[in-house]
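For reference, the structure discussed in these notes is given below.
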Amino acid sequence: MRSSLRLLNLEAPASQRSRNLYVCSVCRHEARPRPFVARQFLRHASDSTPITERVRRKLWGTDNPPGLKDPYGGEGVFERKFKRGQSAPQENEPEAATEAAEDAVSEDSSYEPATTWEGLQRVGHLGTWSDLPPTKADAYTSFSLNRRLTKPVHLSLAAHQTAVELSLLHTLKKPLTNICDVIEHEQPVFKLIRNCKIQPKSSGQWDSAVVYPDKETEEALVYIFEQIGGAQEAAAEVATEVAPETAEDAELAEIEAAEAEDAEFEEEVPTTPSPPFFGYRDVKDKGYLDLSLNDPITKFAFLKRFSQLTGHFFPDPVIHQISSVQHVMKHVLAEQNPKPKKLADFLVADASLQSLPNVKIFAKKQKPSHKDEELGRKKLIDAELRERGLV
Amino acid sequence: MKRLQLQRWSSSALSSRARTGGRLQRHLYSGTRLQSTNSYSLQDQSLGQQLAPPSATSDVPKFTKRQLPSPPAEAARESAKLAALHARLYLPSRLPLETLARCLVDASADPSAQFNNQSLAVLGNDLLSNYASEHLICTYPRLPLTVIFAAMYAYVGPKTLLAMSREWGVEHAAAPGGEVDPGLLQYKRLDPGAKPDAEPLVGTTRPNEDQTTWRRSITSSVVYDNEFGDPERAASPPAELSDEPFLMNDKGPAPVTPEAASATFARAVMGAIYLHAGRPAAKRFFEQHFLSRQLDISKMFNFQQPARDLTRLCARENYDEPVAKIISETGRRSRTPVFVVGIFSGVDKLGEGTGASLSEARARASVAALKGWYLYSPLEVRVPSAMEEDGAAPWKPVYVDLGEVIV
Amino acid sequence: MPVQGIRTVTAARNGVGAFILQCKRLDFHYCDWAGSSRGMVSFLKNQLTAFAKENPQIEIRVSPRPHKHPVIKGHFINGREKAVCVRNLEPEQIFQKANLLKQNSGEKNKRTKKPVTSINESVRGIWSPYHGGLKGV
């Protein structure tokens, strides 16, 4: 059955009925075209071009109207299945051929990816892309964490880490968003970052706000962060080539190099689920809360890195309002405890209302059985029902 | 002036439940109360187990609220009804909600003297009758005793207390129990159709109570009967009142009428105010809630033979013999005659009355004369309890008459 | 027995000594979902605390009544109850309705013809045909 026929089929019985039964003049006026259409359709049922196609031709005024031949989604499910069963082995070969051709095209040295559609014969894939085997590029890795961190400890750890990283990059005068290339630090690096404190200078400046616990940490962190961004691998190679000053530094460099490689082949290495932030406890230093986020570049970098670490996203109005790290934490923590949707929860949480002795708040609808219970009548009813064997 | 330390004495009425301390004790008490629906032997066993380690509160078994005869003390803080009642009665804030909750538990609901309002009601009843009687006697020093009894009944009688507790907005629970809101008055109700006063009262304070035909004088009812002149059940010895709820018989406490339960409640409130807020607060409560009610004492007299009484009264008071004289009359021969008769003692007119016949007019005139005598009220009334206030003026003895004439 | 006492009961004069507010309980019903309860929800959120604090002698119960219009129900000391539907009302109007119930006596509405009613005797006394200004025929 053709698709157009399938569609018109629904109307056919109604039209037949209208012919037999009595219809008032108004209704007949409305009902008249239908049998006419049906008959037309019946007459052309054996034709090769369906009615829809001929209408399209008439509308466009040409024999080859643009657009799809069948605007209703092609063949039906069963037809497609039947067809595939017949011609599946035959179709494989041309597909493989097209694939080979594509490969040849892609391998061609003169191939240049187009930037605009102008001059292209066709936009999109040449064959059916869904039949191609998955490539590396198809795999999707999320920019941010797949899960949202909810514990306040983790959130404050993430904020602290972000603050340390960004202020380090500030002091090193590097682009701030580079830090997002490092999805997760290795444990020793994270430990170093965690040990740092943040004491912002006046009015929450980011420059040199980091206070290192000792000299070694400072050197190590500066060394690591120097490598972030730009040619990572080159830096790593340099790090391995140049004799490291201390054993620890060497280790860290190796870790960094390994990490850089890891970051490339993220999807290949099976990541074991580890506790976020290696199960470290909260930082005692709360100096990072005073850092200002008035500079839009810093704000963007901070929010980007923070949402990468925690999985929290910030809507535009909120971003607009945020002016310090404190605000970020406040927003994120408020998201954890959303306002109660039910009024009863809201009223129960209201301390001033709860302190009033003459107010009683019920979360459920009060039914006559509640009144019975309150009056002590319910036990009598229960006992009586039990006695009569009705319960 | 030395004053009695009544607060110290009242510790027996203020049990562990009403006191702020003694939480452990309260726990123990509430833990040992498992007397409700279980079989007797089972209770006994569990009781023995509980009593063996008396200090361990953790051994208190889990019990449902329904098993308790009255709501636990903790429930009082959660009841909005109770808090509203507390505020509605303008009770002093020193009176805790727990005590008010205890006032609402009648002895028929919870036989344990530690939890019911019996002790508070005894104290409150004494206070009420004291204040009411001193007010009546000082205001109307010549009232006959029978009228005083009736007036006492009108001020602090059970019917009035029932009406008052209704006007206070106290609702009654259908059946007492631990799950019931503590703001409801709890008592064991009578079965439908039961007559509470069917059997004559036995075990009263009156001697020879089995002799129903003997004459009962008013004077004897002053001695033997209660403040309303009714025979009263003798107070049970303290051994029976002790805190032994598990020795209850199968029937449990006797059911009471709503009237009796409401009266006990109102009295208990009075006692509780006295204990927690002191005497001035109790007196203020009495004046505001009891004394402010309207009572027309002149309508409480029922004379059998007013003319004879008046004659006896004049003889007692050494007045001239009362003489009835027609002041005016109209339509003596008509269908509706009216005579206006005055009673004169010497030249003083004692009373005047109108009637359709001469004897009726004379009787009315005698009643008016007697009421004029009996309803004498001094201009400045001072009651003995006014002396309890600080800086009270020295007491001048009030005039109290001999009372009614003895015929 | 020369004279007997007749037992009666004293009559209440509310407000002569203590004043007992006649409204003893107010039930606030609302629906979490329906839009007609919006004003009620806002009232309960913002103004109920002040209202309850002002009237400690009224027991206030707040309970949901899903898929119904919001209602304030007042229970009175005389045993009657009055319900006011407050659908689509603003919080201010709901406050007025709650005040109306609070100040209500609970009696059925009736027309007051005499401005003063009293159970006390008239100070002027009742007119008698036999006293004062008697005219001889």
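Given R₀ = 56 Å, FRET efficiency for C:Phe19-A:Arg147 by Cβ-Cβ distance, to 0.05?
0.35
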Among C:Val62, C:Val116, C:Val84: highest mean-square fluctuation, GNM of chain C, C-alpha pairs under 10 Å: C:Val116
Proxy reagent accessibility, fewest Cβ within 10 Å first, across B:Tyr155, B:Tyr90: B:Tyr90, B:Tyr155
Whole-number D in µm²/s for the stretch B:275-407 (Stokes-Einstein; Kirkwood sum over Cα pairs; 25 °C, 0.890 mPa s): 136
Sorted largest first, extent of the stretch A:341-391 alpha carbons per principal axis (Å): 47, 24, 12
Whole-angstrom gap from the stretch B:134-203 to the stretch A:296-367, using each part's C-alpha centre: 57
Residue order, fewest to most beta carbons within 10 Å, for C:Ile20, C:Ile72: C:Ile20, C:Ile72
For chain C, diffusion coefficient by Stokes-Einstein and Kirkwood Rh (Cα), 10 °C, 1.306 mPa s, µm²/s: 85
Order of A:Arg281, B:Arg382, A:Arg56 under a 10 Å beta carbon neighbour criterion, fewest first: A:Arg281, B:Arg382, A:Arg56
Gaussian network model of chain C, Cα within-10 Å springs - most flexible of C:Ala11, C:Ala98, C:Ala50: C:Ala11
Residue with peak Gaussian network fluctuation, chain C [Cα springs, cutoff 10 Å], from C:Ser63, C:Ser42, C:Ser118: C:Ser118
Student exercise, chain C dipole from Lys, Arg, Asp, Glu Cβ charges, in Debye to nearest 20: 400
Cα-centred dipole magnitude for the stretch C:28-102, charges only on beta-carbon of K, R (+1) and D, E (-1), debye, nearest 20: 180
Alpha-carbon centroids, the stretch C:74-91 and the stretch A:128-183: separation in whole Å: 58
Positive-end residue, the stretch B:146-210 charge dipole about Cα centroid, Cβ charges, pick of B:Ala194, B:Pro182, B:Gly157: B:Gly157
Of A:Lys371/C:Lys45; A:Lys371/C:Lys97; C:Lys82/C:Lys102, those spanning more than 20 Å from alpha-carbon to alpha-carbon: A:Lys371/C:Lys45; A:Lys371/C:Lys97
Assigned charges on the beta-carbon of Lys, Arg, Asp, Glu; the stretch A:267-380 dipole about Cα centre (debye): 900
Top positive-direction residue, dipole computed over the stretch B:301-374 with Cβ charges, set B:Pro337, B:Ala369, B:Pro322: B:Pro337
Set B:Lys349/B:Lys371; A:Lys151/A:Lys342; A:Lys378/B:Lys81; A:Lys379/B:Lys159 screened for pairs whose C-alpha atoms are more than 22 Å apart: A:Lys151/A:Lys342; A:Lys379/B:Lys159
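Only the coordinates and a few stated rules stand behind these numbers; no lab work does. Remember, it's a predicted structure, so these values are computed and weren't measured experimentally. Quick reminder, even Gly has a Cβ in these numbers, built from the backbone with ideal geometry, and neighbours come from all protein chains shown.
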